[in-house]
Amino acid sequence: MKRATRREMLENCIVRGGLVAGVSMSANQLLAFWQEGERNARKPTPSEVLGPFFKKGAPNASVLRQPGDPGFPLRVSGKVYNTRGDAVEGARIDMWQTNADGRYDTVGYRYRTKLAVPAGVEYAVETVMPGHYEDRPAQHIHYMISAPGHKTLVTQIYFATDPFFEGDVDKNYRKRNIAENRDLVRPVSLYEQGVPHAAVSFDIVLERA
Amino acid sequence: MRCALVFLVAVMAAAQDRTISSDAEVRSLAFSKDGNTLAAACSDGKLRQWDVRAGSFRKAIPRVNEEALAAMPSGSGLFAVSAKDGSIVLHDLETGAELQRIALAGRRVRELAISNDRQSLAGSSRVAGNSREETMRLWDASGKERFTAPAGIGGTSALAISPDGSILAAGSWDTNLRAWNTRNGELLRLIEDDLLVALFYLAFTPDGKTLAGGGVDRTVYFWDTKTWKLARKFSGQPEMISSLAFSPDGKLLATGGFNDIAEKHPVSILLWDVVSGKIVRTLPAPHMVSSVAFSPDGKLLAAASGDKMVRFWTVR
């Protein structure tokens, strides 16, 4: 049986009159419940445009980078929550991006995936840093995330290391109407795993339907 | 020698018959009902008109604001503007006179379509909040909203109303295609499985029996508007398909290309024989083709392709 979160228990109490009856919890316990809920609450991830290059039917693949592919190796990872801070069950994440040369694969599914993400489990994709292309000069990865009981989210991430931002993301993230929200320009960390890699963390927060 | 001669003939056939220069980038085109006037919505927000025979400039009609979008089906004699203040404004295509203004609440409407009989105006807009869900809206001739309906995620990529005004079709960026009854908003069909990628343009055949669409995968799809089954596909466009139009007799189809590297790359315009599915002419265009239009007598094809020119070819 699925274990209820503390906030769900609190809501249950309200619905069933538990709070009025006051039989199951002291005022202090209730306050603790409430405060924990507030601490865990998360802002929904801002949405962004879907763009013209979404393609249905991508495979569930966590390694998009093939041996010999040009481009800087990149790992993108994170978890899927809802706005209460609970792990979301049954999330499906479509991710699509250009290759290092700035080209989308519209014939096949290179650099496209549709991940099935169990609740509380981190999603992680091994890919390359996307390229630049003329009509959209900032590197980005598209996301479309759906989960039962939640609104489908369409968004994108950008990279703080992108020369497009000229070293000052706060000042330049809206340049040429590229990014709509500063939070979507993600910090990039570098690490060595034989060769240099870039890593980006991107947690996703869905709104309930 | 013979090959060279064939090549020369092919090049001559592909050369455009003439061009008309505009003071601003040309976005979309429509012929007047009598075929004597060509109207173009331009990037500076003006509607320009030329005499088709003489190629001479007639007039420029200022619109309500510069970033407005326009839908200009030749049959309706109207063009519609989605203004920044959220209203939709209908103008007479010939005179430019404002005929009607529909004030709207909520997000601005994008992707407009008008029926030939002027009885239906459709547009879509994002729902409120963080969602990228889209709502389709349809108004009658008095400006009264007839229905609203969910229209997918990510926005409307293509929109068309059938020649008799009975069907509204819309493609969304999530690659789904929907068709509604314009009278009551009944969803006639949600097509989720025929397309893996998005459509950029939709057009009905003049008899209304077929809906055609083209987009990212360089293919023209044809759906039977009674059964909504996918009936045919045309492949052969070297680029993505950004616009398409049928000749008034339905025998020719013109498709304009869009290079997936960037809008400002050379592409082609293809003329297809609709019955055989064969490409009968390949015409050059310097950039993404945003609009193709046949003259009412079907003899001329005009194209707008991302610069300050309208290109014409005699196709019959």
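Throughout, read-outs are computed from the coordinates displayed, never taken from laboratory work. Please read these numbers as outputs of a predicted model, since none were measured by experiment. Don't worry about glycine lacking a Cβ; one is built from the backbone with ideal geometry, like all the others, and counts go over all protein chains shown.
Built from the Cα atoms of the protein assembly as shown, the convex hull projects on average onto 31.0 nm², one quarter of its surface area.
For the pair B:A54 and B:T95, label points projected 7 Å from Cα toward Cβ lie 2.2 nm apart.
For the segment A:40-50, counting C-beta atoms of other chains within 10 Å of every residue's C-beta and taking the mean gives 3.
Stokes-Einstein diffusion coefficient for the range B:160-220 at 20 °C in a medium of 1.002 mPa s, Rh from the Kirkwood formula over Cα pairs: what value in µm²/s? The partial results should precede the final answer.
Numbers: Rh = 11.8 Å.
The diffusion coefficient I find is 182 µm²/s.
For chain A, the equivalent ellipsoid derived from the Cα gyration tensor has semi-axes of 38, 18, 16 Å, listed largest first. Here the Kirkwood formula puts the hydrodynamic radius of chain B at 19.7 Å, using every distinct Cα pair. The helix-only estimate of mean residue ellipticity at 222 nm for the protein assembly as shown, built from DSSP H runs of length n ≥ 4 each weighted as -39500 (n - 2.57), is -2500 deg cm²/dmol after division by the residue total.
Express in whole angstrom the spacing between the alpha-carbon centres of the range A:154-194 and the range B:178-237. Comparing the Cα centres of the range A:154-194 and the range B:178-237, I get a distance of 38 Å. Kindly express, to the nearest 10 degrees and within the range 0 to 90, the angle between helix A:27-40's C-alpha long axis and the longest C-alpha principal axis of chain A. Compared with the principal axis, the helix lies near 10 degrees. Under the simplified labelling scheme, the B:E186-A:N40 pair shows an inter-label distance of 4.8 nm, with each label point 7 Å from Cα along Cα→Cβ.
For A:P70, neighbours were defined as the other residues whose beta-carbon sits under 12 Å from its Cβ, and their charges (Lys and Arg +1, Asp and Glu -1) total 0.
The residues packed around B:I20, meaning those with a beta-carbon under 15 Å from its beta-carbon, carry a net charge of +4 if Lys and Arg are +1 and Asp and Glu are -1.
Report the calculated FRET efficiency for B:A231 and B:S21 (r = Cβ-Cβ distance, R0 = 45 Å), to the nearest 0.05. Computed FRET efficiency for B:A231 and B:S21 comes out at 0.65.
Within the shell of other residues whose beta carbon sits under 10 angstrom from the beta carbon of B:T314, the net charge comes to +2, with Lys and Arg scored +1 and Asp and Glu -1. Peptide B:207-218 shows a mean partner chain C-beta count of 1 within 10 Å per residue C-beta.
Give me B:D17, B:D140 sorted ascending by neighbouring Cβ count inside 10 Å, so fewest comes first.
Listing B:D17, B:D140 from fewest to most nearby Cβ atoms yields B:D17, B:D140.
Across every pair of non-identical alpha carbons in the range B:225-313, the mean reciprocal distance, once inverted, gives a Kirkwood radius of 13.4 Å.
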